[in-house]
Amino acid sequence: MAVKPDLRSLSSDKLYQYIASLGEKPFRARQIESWLWQKNCTDFSQMSDLPKSLRERISQDFAIHPVQVDQIQRSVDGTIKNAVRLPDGMVVESVLIPTDTRITACISSQVGCSLDCRFCATARLKRMRNLDPQEIYDQVLTIRQQAEYYLERPLTNIVFMGMGEPLLNYSNVLRAIDRITSPSGLGMSPKRITLSTVGIVKMIKTLADDNPGVKLAVSLHSAIEEVRSRIMPINRTNDLTSLTDALQYWYFKTRSKVTFEYVVWKNINDRDEDINALVKLCKKIPSKVNLIEYNAIGDPNFEQAEPERINAYLTALAHHGIVAKIRRSRGKDIDAACGQLANKNDVAPEIPKKRIPETL
């Protein structure tokens, strides 16, 4: 028996066309959208302001397939990692990251990844498929519910820094962002959303043209062509010269600074020439730098640089007026930190302090 498509996979225009094809008035589509995206209804029978005949007719053609949280792991620092089972049975991971001032949802955009960054556990997974808009949306919704339930605080920020490259699932990611930011959805400000990319040049320019109001982060890790190509093969086809051009275009179109994400490794990018190259690049692009603590994935070729070399980066960047800070990783004990998401679902989840509501 064929699986019915998710009604939420329809764009607003397609939904209105479908409702019109049933001979119904347009306001019925507005009602349905409210149930789907504001009230997060998962059962047509609950849509109480729709005629029963319409609910039954829709259920013949469509279903609602929310994601399911298979496992929850809780870190000693409060981080929560979810193993999220998609309707087709595949699994991605999402992370709730709490700090004193914010709660961030780190969400996935693809099952696996195709980019082969040498230092990233996710890159060792085969890319299986793109996530649909509603699957992305459901990750955010789940973490918002967890933030309110476990921490009694609201979700404040979203980062597309989980599994996959969001710019290689561009259309679905933007449709999800539209629902997340819409008053008829979760109503979050696009300024609270950061999209992280390894540097897909063509799509950075497309994102600048579309300008959904989100922030842009680039996983950089070296401003020297040879070094970056060695650790990030994408640089061979999207080199630093073309990336610089795209990021300058991004700022010209959006007036939004770029955040460079940068890990410093011992004997890879911890030399003075590496520091000087990064300073030179930052002078060309309005930007700030996050120096990220490295999270080991069992590869002996990558080792955290000595503290004095990381401090040398901070000193040089500050000297040239470039904002930089060290970003400490959270959730390392449950493999939830940057670069560690790899679907290690054989690990038994820690029992949460509260019973998980059925809606999560």
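Points to keep in mind about this one:
- Computed over region 1-99, relative contact order equals 20 percent, with contacts defined as Cα pairs under 8 Å that lie 6+ residues apart.
- Antiparallel DSSP beta bridges within the chain, as percent of all bridges there, nearest 5: 45
- Checking every one of the GluC sites (Glu not before Pro) in region 133-173 against DSSP loop status and a limit of 16 other Cβ atoms within 10 Å picks out E152.
- All other residues whose Cβ lies under 15 angstrom from that of S242 are scored, Lys and Arg at +1 and Asp and Glu at -1, for a net of +2.
- Taking Cα centre as origin and charging only the Cβ of basic (Lys, Arg, +1) and acidic (Asp, Glu, -1) residues, the dipole magnitude of region 171-275 rounds to 500 debye.
- Taking amide H as placed 1.01 Å from N in the peptide plane, the amide H of L131 sits under 5 Å from that of Q110, V111, each at least 5 places away or on another chain.
- Panel values: region 212-342, Kirkwood radius from alpha carbon pairs, Stokes-Einstein at 37 °C and 0.692 mPa s, translational diffusion coefficient 214 µm²/s.
- Here the translational diffusion coefficient of the chain follows from Stokes-Einstein with Rh set to the Kirkwood radius across Cα pairs; for 25 °C and 0.890 mPa s it amounts to 113 µm²/s.
- Relative to the longest principal axis of the Cα atoms of the chain, the long axis of helix 272-284 makes an angle of roughly 50 degrees.
- Averaged over its residues, region 94-234 has an accessible area of 35 Å² per residue, based on protein heavy atoms and a 1.4 Å probe.
- The alpha-carbon atoms of region 224-283 define a convex hull whose volume equals 84 cubic angstrom per residue.
- Where trypsin sites (Lys or Arg not before Pro) fall in DSSP loop in region 124-161, at most 10 other Cβ within 10 Å: K126
- Relative contact order (%) - criterion: Cα under 8 Å, at least six apart; region: region 145-295: 20
- As computed over region 148-281, the Cα convex hull volume per residue (Å³): 136
- Principal-axis tilt of helix 307-319 within the chain, Cα atoms, nearest 10 degrees: 90
- Between R85 and N301, the modelled label-to-label distance comes to 3.6 nm, taking each label 7 Å out from Cα in the direction of the beta carbon.
- Mean separation of Cα contacts under 8 Å (6+ apart) over length of region 272-331, as relative contact order %: 49
- Taking the 1.4 Å solvent-accessible surface of the chain as the whole, the part contributed by carbon and sulfur is 49%.
- Folded to 0 to 90 degrees: helix 133-146 orientation relative to the chain principal axis, Cα: 80
- Summing +1 for each Lys or Arg and -1 for each Asp or Glu among the other residues whose beta-carbon sits under 13 angstrom from that of L207 gives +1.
The values are calculated or read from the model by the stated rules, or taken from the named source; none is laboratory data. Since the structure is predicted, the reported quantities are computational estimates derived from the model, not experimental observations. Note: ideal-geometry Cβ built from the backbone for every residue, glycine included; neighbour counts use all protein chains shown. Side chains included, ligands, DNA and RNA excluded: accessible areas come from the protein's heavy atoms. Shrake-Rupley method; radii C 1.70, N 1.55, O 1.52, S 1.80 Å.
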